[in-house]
Structure formats: structure tokens, C-alpha cells
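Scroll down for the structure; my scribbles are underneath it.
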Amino acid sequence: MALKDAPVQIRRASTVAQISISITRAVGILFTTLIIATLPTWVPGLLAYQTIPVALLVLAIGSAIVSRKGSRIREEIAERQFEKARRSTFATAILGFIVGGIIPGLLYIYLYTRIGNVMVKRTPDDPRTVYLLPHPSEGIFLGRYLGWIAAYLLVLYIGYTQLSPGLREVSDWLSPVLGVHFNTMIVALFLVFTNPLTYPPLLYLWTFAGFLGGLIAGGKIRRGFLVGMTVYLSTLGALGLAALAIYQNVNLSTLSSLPPPPPGFSIISATTGPVAGDIIPILIQSSSPTSQMVIQDVILTMIRNAGLVFAAATISGRAASLFWQGDVFILKTFWKMIKTKKPALPQNGDLPKKGTLLLALAILLLIPTPHTTQLSTITQAPPSGPYQQNLAIGLDMLGAPNASLRMTNLDLSSKGLVLDNNYAENNLSLFIINNNYSQSLDTGPTFGIPSFIFGLLSQPALITFYTGDPGTTHAESDLVAAQFSQALGVIFTKVFALSYGPGTITIYAPNPELTNNDALTRVLGLLPSPSFSTLIKPANLQTLQYFAAIGLASISLPAPLNKTPTQAFSFILNTQFPRQFYKAGQHYLSLKTLLGFQTGIVEDTNSNASIVSISFQRGTVLYSPLGLTPPYNPVYDNFTSTYIYNATITARSDFAANFTYPFAPNITVQKTVNPSSGPLGTSHNVVVMIQNFDNVTVTNLNVTDDEASSSYQKTLQISPGGVQTGQFASFPPGQTQFLSYTATTKSSGTYVLSPATIEFVWQAPNGTQIRYTVTTDNPLISSSSGPWTQFTRTFTDLQPYSYLLLLPLLLTPIIETLKLVSRHRKRNPEPWVNAPKKPQNTPSPTPTQAGPDKPADMPSSKNP
């Protein structure tokens, strides 16, 4: 008979057994998840026989054993083997107290009492009926198949569209070099190996995907677990296939000629984002990144992250099946009530406890944990002590000004920056802001570190360079970062460390929300108020290219200031302005107009020296009035072609210059891409346009365009290929010339094209022929591809290996169909479930004679 027809005492005992099994299994899952979450420290602790790691292992294994024993006890209760079930329950309770935790032990002790209650209330004439445990529902037809498809497509779609910014920048940079499969690999890497506990969006994604798949699958809890596991393994398979495709198509020579990263790329975003944010701290905390312990920690960290993602997908799948069972139970109950028009509820009139409990447990598993953030403020302090400052303006041959503000020997102790013992082995400590500055920084011999590092930082960052024992300098570098954190009012996080020569370069990242404009405002707030820093308006520089830095560095100043670099707190700001002057003739340069300040250049009594200078090209004739009487301010240095104003002596409302110089005529060259972005496979028209907006003729104009880097040769089809050139003996006013070609993308990402260059000769009014060179910026091509394109390209390029992915697609519907047909064939009940039909005029057997071990007695000759 079915268990629902059993006496109430047996049903209650079976229900208690089921609850004990479920809670014990949940406790086992909890212990296993704790082991996974602490895997990098759990494995060394286990090898060292520490108490907590060993206890977690024992509890996880013990809970699994106790749960399996509970399933057999429930079957014994249904078979009415109460003595055996009671003995097994008592032994399982003891086992639960010892190796399963206290909760399983208490549950099975309570189950022990419920079985005893059944034994007490039974009578000698109780029928020996065997009760069948309810068979779990198989869910809807092809439920697991449909659940896997829906959850897998959801995970891939969200992964492609919501990839973290740091990994997106890496993918956009390297996908055009390594191929479209690199983006698939990055997305799968992000989905599988990101720590969901530190990156909540991924936790929500896998939880929802597992719940969706389990809800569609329905049926018993195991179905939800299998759907979550299948989705996870499918994503891991996509990662393996993409990596295999890259390995087959890429050689080492490709990696040795990587193009420059696109504008806006920041190594901070890449190193602080998912995956790398867990690995890099392990590498920078060790003096030898290739040691066995470091490699072990990296591997265990990756396994931990993958295990947590697996746990999130499978646990949510179990919860979905639990939710489905509770929902189906309630629907069935109400359907019976509507169909029979009678209450189909338990006799006590309560709501269906089982369904309500299942729904409550499933809903509780989906409640997110709130988190809080902490904000910091800028510390205000009085001005610093004596210093030197120089505001220099320079003009190139094309008539484009650039400004450089340098301040040295700053006393910033009132702001929290103090030269203490932590700077003993420090060669550099700079908080930098790089706003797409493309000019040469010339920081190699000055700052002592490679200048390309500054080009990789498009976000504000703190860089320290220490020489000495890394075990000591790491702690000193962290203390220096704490000083800058207090002074600037931002929180720094160590993101990267690199061995360079005899020292170590360490990079710290501030809050991701800190913009370049906000960072520059905070930096200028550290400088003395009467200084030249008041002439700088961050809002005026937002659209310009600039590089700013403050901290401990050796910065040299021009004459008449000290030329010898000093090791002290300094500030530097380089700004590049667009072209403003053309051809020969009298020109006017106003510092106030260029920088956009409202106040004048005041006399700064707190500084030792304050100099403003304008550097011209050789041969410039200056018409501005010079200082002919003492103190000869301002003066013009003919040897260096520099106009110098000493603001330490007198104040001025502006510093301007009237001069003449044969700048380049207004000949422009532009390299444009139309359209600049599009889906994979789009043909982009690249046009190099040269125009003469001036009223003079130039000669010997040569145009050269290298098109793109050779590293793009496999993923960017250019027609016609090769170097594009053009020669024009004469280029009169108003003329326009073009060079054009098409570029078709074969991969997603950002392609950085090579700049185009023109050279021409112009004859000045005095008969002198001057050669000029103009170079364009690097245009970009942005190529995108959706999840379906990414997946199908990987599948097509990796045949026949990719056919392995078809196995679950083809086998699952076949297996589900065979199971459905098999269930329909077994519509007739089993022979032993119901007694055979009685012959007419035959006495009925006694109820005690029915059962699986002893079928009903039939009439015989000995008992007429």
C-alpha cells in the first residue's frame, strides 16, 4: 500500500526520517562549501594535521554517511521493520554526534523516540502491510534538457554582455591578435574562475541560472543538481575549446609583437578585477613568484573559485527542485479540493505543512546579504614651507603649445606626507594621473623606471619603487601608501608588483569611482595656495591630454633655478594643447588665455623661486618689451630662446609675448574610419585626407600610411594591403588628396591602426626652405560579436573536437523519450502490490495473511 494510507504514527515517523535526512544532507553540503571556501588555507592545514581542517573533513564525510544511513532507516520504517529501524537509528544518532555534528545526532535521537512511539502503539493484530515510499516526480518531459539549454544560454549571454571592465579591456586589446576565441576564453574564465563571494554579480548570475534550470527541470532534487552541474561543466568545456583553438593558431612570434593597448586601457582595471584580483596578491606577497608554495596557492585559489561557482549553481538547482515540489504539492491539494468540493487538507485543518515548508526553505536561500561601503574625506591643512616652482610653456615647429608646471622641495607634512624612515630605500613614490597623454614623458632617466608603465595607466594610481630586501620594502611601501591615502582622502589597494633591476615596482589603485578630474582636484588641494597651482583649472583640462604626478621623485628645474635634481616631494603637470599658430608673421601668446585662469600671477613669498618661462624655436624674434632696467624682469635668453619672468620679485596680471616664427602652414592630415565600430565581419573604410587650408603652396608632399600592425594580419583583412604612399610635387591652397582602403575585421576587440605621416617643404618669405612633418593620431576600429557568433565560431573551428558538445544535445532527448515510453508500458501495477482477485464462493483470507513475504492464503483440500 502507499505510505499515505499508513497509520498516522508510521507516517509521522517517516516524515521525521525524511526531515532528518534532508537537514543532515544540508549540513554536509554546508561543511563541504566551507572546505571549498577556505581551500587555500584548508589544504596546508590538513597536511599539517591542524584541528579545524581535519574536523571539517570529518564532519563533511560523516554527514554524508549519516544521510545515507537515514535513507535506509526510512525504508525500514515503511517495511514495518521497527526493531531493526530503531537499532539503526540509535547507532546513526551516535555516529551523528561523533562525526556528523550535533544537529544530525539530535534529529536521529528524536527519530528514535518516534519509532518507539510506533512500536508502543501497535497491537498484535496489526496487519503486516508493506508501505511504498512515494516515488519522486520526474518533472516535465525533457525538463532537464530544456532547463540546461535555458540556463546555459542565459549564463553565456550575461557573461558576454556583462563582462567586468578590466577583463573587457584585456579582451579588446588582445582579441584582435589572438583571434575571436580569446574573447570566448576570457568570458568562460570570468564565469568559471571568479570568486562569487567577492564579486556579487557573478553569484547572482549563477544562483539565478541554477534556479531557473532546476525550476524548468522540476521533479526530484537530484534533477536540479544535475542541471546546475551540466551548465557549469558546459561552460568549463567552452573554456577548454577556446584555449585549444588559440593554442593551435597562435605562435610565440605573435606574442612578441603585441600592439599598444587602446586608449583608456588601464592595467589597474585588469589587475583588480575578477580572477586577477585573487591571483596577483599571492604573487606580490612572495619574494619568489615561481616557488612551489606560490604555485600551490595559485592553483588552490583557482580551484576554490571554481568550486564556489559549482556550489552556487548546484545548490540553487536543488533549491529550485525543492520549490517545484512544494509548488506542485500545494497545486495538487487545491486541485483535489476543487475537484471533490471537500477539504483535502489534514484532519487538524492546518495548511499543507510540507508544501509551505518547502517553499519557505527555497525562498530563504535566495535572500541576498546586504553590504555597506565607507567613504573618506580630504584632510585640510595649512600651506607648506619654502619650495621652488617653474611654469614653462613650449612651442613646437607646428605651432602647438605645451605647458609644464614643476614644483620641488615641497613640505607636505601638514597634509600627512612626511619623509620618515619608510622612505630610506625609496627611489620613487608618485601618485600619477594620466589623461591620455601621448607625448614622451622623458621619465626614464628622471624617475628611474620604464616610461611605458605610465602609458599603461589611464586611471589614477600610486607607484612606489624600492631597492633592497623585498621582505622589508613591502611593509615600508604599504606604510607610504597609507600616508598618501590620508593626504588625498582615498583608499589604496595594492594591485601589482614587478621586479625591476635591483628593486621592486609596486602599484596601488584608489577607489574605482575616482575620476581623473577628481584626482587632479585633490592633488592641487595639497599644494600651497599662493603657488602657480592656483592658475590651473581642472575643468579646463578635461578635454586635453595631460599627465600629473605628486610625490617623492627627482625632478630637475631649468635655469635660473637649480638644475640638479633634488630628492624631495615634488609636483609635475604636463599638458598638450592643440595647434594655434601657422606660417610666418607676428604672433601673440597670452598665458592667461592659454590656461584660462581668472586671477593674475601673484608674488609668492612662500617660495624660494617662482619662474614662468616661454620656450620658442630657434630663430624666433621676440617683440615683447624686455626688462631694460634692474631687476631686468622679464628677460629673453637668446642662447636658449627662452622668455623668462621671475614671479618671485614682482606680480603680473598676465605674461604675454609678441613674436614671429615660420611655423608650419595650415596643412592638415586626418586618418578616419567609417564606420568606426560594427559587428564582426564589417568592412570599414579607412581614409587618409590631406587638406591645404592655407593660402600658400607647399612642395614635395609625401604621404605614408603603414595601415596597421603586423600582429593583426590573421584577424584584419586589408585591401589593398601593404604600405600606402602618395607623392605630390606641388600642393596648392584649397587642394585635397585622399588615400583609402578597406579593413574587414575577423575578430572582436579594438584594433589600433598605425598613424599616417606627411612630410612637405615650405619656402619662407626670406627664401629659406623648411621641411615639416605632421603625424595623425592612431584611429580605432571597434569590432563586436554576440554570444551566438562567438560560440558558433568556436564550434566550427574546432571540429571534430566540438562534436563532443553535441552528445548531451542528442542523447538527452533520446534518453528522456525512452524513459517516457518505458513508464507508459508499465501502467499495470506490480503483482505483489495488490492481492490477486478472489475466486467466487471462496472464503476471504485474513488481513494478517497479506504481504510481500506471505501472500494471501488460497483454498486448499485440507481446509474445505
Extended-chain gain in nm, criterion 0.36 nm per residue less alpha-carbon gap, T593 and N766: 59.2 nm
Per-residue HN-Hα couplings for segment 290-298, Karplus 6.51 cos²θ - 1.76 cosθ + 1.60 at θ = phi - 60°, whole Hz, x for Gly and Pro? 9, 6, 5, 5, 5, 4, 5, 5, 5
Quick check: residue separation of L153 and L30 times 0.36 nm, minus the Cα distance between them. What number comes out in nm? 41.4 nm
Where chymotrypsin sites (Phe, Trp or Tyr not before Pro) fall in DSSP loop in segment 169-223, at most 11 other Cβ within 10 Å: none
Report the calculated FRET efficiency for L258 and S653 (r = Cβ-Cβ distance, R0 = 45 Å), to the nearest 0.05. 0.35
Gain on full stretching of the segment that runs from I94 to M689 - 0.36 nm per residue minus C-alpha separation: 205.6 nm
Given H placed on each backbone N at 1.01 Å, which residues far from R128 in sequence or on other chains put an amide H within less than 5 Å of it? A850
Top to bottom by accessible area (1.4 Å), largest first, where do D5, D654 land? D5, D654
Chymotrypsin sites (Phe, Trp or Tyr not before Pro) within segment 631-692: which are DSSP loop residues with at most 14 other Cβ atoms inside 10 Å? Y632, F639
Suppose each label sits 7 Å from its Cα in the direction of the beta carbon; what would the T682-L811 distance come out to in nanometres? 4.2
How many nm is it between the label spots at S624 and R122, if each spot is 7 Å from the Cα in line with the beta carbon? 10.9
How far is it, in nm, from the label point at I303 to the one at A729 when both lie 7 Å from their Cα along the line to the Cβ? 7.7
FRET efficiency for D518 and T198, using Cβ-Cβ distance with R0 set to 35 Å, rounded to 0.05: 0.90
Once the whole set of protein chains is in place, how much accessible area is left on W42, using a 1.4 Å probe, in Å² to the nearest 10? 30
Phi angles of segment 165-182, converted by Karplus (6.51 cos²θ - 1.76 cosθ + 1.60, θ = phi - 60°) into ³J(HN,Hα) in whole Hz with x for Gly and Pro, give x, x, 5, 5, 5, 5, 5, 5, 6, 9, 4, x, 8, 8, x, 5, 5, 5
Residue-by-residue Karplus 3J(HN,Hα) for segment 2-18, coefficients 6.51, -1.76, 1.60, Hz, glycine and proline x: 6, 5, 5, 8, 6, x, 4, 5, 5, 4, 5, 4, 5, 5, 4, 5, 5
Quick one: which residues, 5 or more positions from L142 or on another chain, have an amide H under 5 Å from its amide H? H modelled 1.01 Å from N in the peptide plane, none for Pro or chain starts. none
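The values are calculated or read from the model by the stated rules, or taken from the named source; none is laboratory data. Just so we're clear, the structure is a prediction, and the values are computed from it rather than from any experiment. When we count neighbours, we look across all protein chains shown, and the Cβ atoms used for this are built from the backbone with ideal geometry, even at glycine. Accessible surface areas use protein heavy atoms only, side chains included; no ligands, DNA or RNA. Shrake-Rupley method; radii C 1.70, N 1.55, O 1.52, S 1.80 Å.
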